[in-house]
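Here's the structure we're looking at; comments come further down.
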Amino acid sequence: MYQIKSVAQTALAKKLGGVPVFHDGTLQSIQIHPEAIYLGIEILSDNNPRLKKNTLVHLKLNQPHRFSFATKEIEKGLFTIHDLDIRKEAALLQMRLESIDGTTSYVVFESIELSE
């Protein structure tokens with residue numbers, strides 16, 4: 001899922017003993033600022049054996065270059081995540097979020113921070 005070392009080096013990944021799995025989690029919030037995009041994602045303990053309960057995780061995507069968010073129907077949160085993938089794109093990072101309804105959102109940015 002994750003193609004970059006910087007995600008595994010975050011404080012949350014170190015605390016959990018590995019990168020959390022975002023499959024079937026829900027995107028709860030998006031805040032867009034010129035210097036960063038903040039995402040609040042609830043990750044499910046069912047898919048993360050290291051978690052005792054569902055956990056709200058905050059992703060800070062620093063220095064966004066471009067982004068697109070899309071959703072069809074809102075059931076719980078902004079949408080339910082089918083797949084979250086972060087890859088290196090030249091000197092930047094690209095996060096792709098696919099919802100269970102098939103819509104795809106993305107953000108191209110410079111660095112990432114994960115926290116609870």
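The values are calculated or read from the model by the stated rules, or taken from the named source; none is laboratory data. In this text, all values refer to a predicted model and were calculated from it rather than measured experimentally. In this analysis, Cβ positions are derived from the backbone assuming ideal geometry, glycine residues included, and neighbour counts consider all displayed protein chains. Surface areas here come from the heavy atoms of the whole protein model, side chains and all, with no ligands, DNA or RNA. Shrake-Rupley method; radii C 1.70, N 1.55, O 1.52, S 1.80 Å.
Structure above, values below:
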item	result
Leading residue by the ranking (least open to solvent (accessible area, probe 1.4 Å)) among those in the stretch 82-116 that are among the acidic types (Asp, Glu) and within 24 Å of ASN47 (Cα to Cα)	ASP85
Qualifying residues in the stretch 17-43 (those that are part of a loop (DSSP other than H, G, I, E, B) and modelled with pLDDT of 85 or more) - the one most open to solvent (accessible area, probe 1.4 Å)	PRO34
Residues of the stretch 21-47 that turn out to be of a type outside the set (A, V, I, L, M, F, W, C) and either within 16 Å of HIS82 (Cβ to Cβ) or in contact with an Asp or Glu (Cβ under 8 Å, 6 or more places away or on another chain) (or both), as a count	8
Search result, residues across the stretch 48-67 that are surrounded by 16 or more Cβ atoms within 10 Å (Cβ to Cβ), closer than 20 Å to LYS14 by Cα and either of a type in the set (S, T, N, Q) or modelled with pLDDT of 95 or more (or both)	ASN48, THR55
The stretch 68-81, subset closer than 16 Å to HIS23 by Cβ and open to solvent by less than 80 Å² (accessible area, probe 1.4 Å), residue modelled with the highest pLDDT	ILE81
Residue pairs meeting the criteria (Cβ under 6 Å; at least 6 apart or on separate chains; first in contact (Cβ under 8 Å) with a residue 40 or more places away in the chain, in the stretch 32-60; second part of a strand (DSSP E or B) and acidic (Asp, Glu))	LEU56/GLU42; LYS60/GLU113
